[in-house]
1. I'd like to check which strands (runs of 3 or more DSSP E) are fully inside the range 48-144 and have at least 2 residues that are within 17 Å of the chain's Cα centre (by Cα) and closer than 25 Å to G36 by Cα.
2. Kindly indicate whether any position in the range 129-146 is surrounded by 13 or more Cβ atoms within 10 Å (Cβ to Cβ), at pLDDT 70 or above and touching a helix residue (DSSP H, G or I) at 6+ places or on another chain (Cβ under 9 Å).
3. Just checking, how many residues over the range 82-120 are in contact with an Asp or Glu (Cβ under 7 Å, 6 or more places away or on another chain) and more than 19 Å from D53 (Cβ to Cβ)?
4. Regarding the range 106-121, can at least one residue be identified that is basic (K, R) and loosely packed, with under 13 Cβ neighbours inside 10 Å?
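The values are calculated or read from the model by the stated rules, or taken from the named source; none is laboratory data. Keep in mind it's a predicted model, so treat the numbers as computed, not measured. Cβ coordinates were reconstructed from backbone atoms using ideal geometry, including for glycine residues, and neighbour counts include every protein chain displayed.
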Amino acid sequence: MQDDDPDDPLAGFRRPGDKRGEKPRAPEPPQPPPVGLKPYVAFEAKDKLQSLDIRRVLGPTHCPTYAYLLNIVFDHEYFTGFMLFFSFMVVEVRGKNLKEVVSAIKMRKCEYIQDFHPGEYQPPKPGEPLIESITVEWRDPMMTGRDTEAGRGEDKAPAPGKPAA
């Protein structure tokens, strides 16, 4: 029989190596994040949103309203990228683990998306969404409407008398 701890009345009946009678150790303090880097969050979801903030580290932030969102194109198997088609611009997003981001945008509950930059943010944990790049391409609403009405999109032949683009 063991009799190591005078405060434990059952210490004498425990098997060698049984740790139930031991006092718990204090947990190790968490490691502080690198100085100056903010934690990275790819997106945030909320209810009742009117617009989507598109935050880019190396570019301006855009804030289109969901009313102008026409279509979302994404790879439903791997979720490594998606495109947002607004009436006046196209937003291409590339990254990893983007399923939650796409779902939040589909439900119009995504408050913002933002790209990752190693000089600005701490790396996300494995399995969390990571947006590697956001590209914004402006579309001229005056020209887009005319081409659509004529039945000539980007993949159609040019109108008679007009050169191919």
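1. Here the list reads 53-55, 89-96, 110-114, 130-138.
2. Within the range 129-146 (the criterion being surrounded by 13 or more Cβ atoms within 10 Å (Cβ to Cβ), at pLDDT 70 or above and touching a helix residue (DSSP H, G or I) at 6+ places or on another chain (Cβ under 9 Å)), the answer is yes, since at least one residue qualifies.
3. Counting residues in the range 82-120 that are in contact with an Asp or Glu (Cβ under 7 Å, 6 or more places away or on another chain) and more than 19 Å from D53 (Cβ to Cβ) gives 1.
4. No, that holds for no residue.
Quick grid of which residues meet (1) at pLDDT 70 or above; (2) out of contact with any Gly (no Cβ under 9 Å at 6 or more places or on another chain); (3) loosely packed, with under 12 Cβ neighbours inside 10 Å:
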{"position": "L10", "(1), (2), (3)": "yes, no, yes"}
{"position": "R14", "(1), (2), (3)": "yes, no, no"}
{"position": "V35", "(1), (2), (3)": "no, yes, yes"}
{"position": "A45", "(1), (2), (3)": "yes, yes, no"}
{"position": "L52", "(1), (2), (3)": "yes, yes, no"}
{"position": "A67", "(1), (2), (3)": "yes, yes, yes"}
{"position": "L70", "(1), (2), (3)": "yes, yes, yes"}
{"position": "E77", "(1), (2), (3)": "yes, yes, yes"}
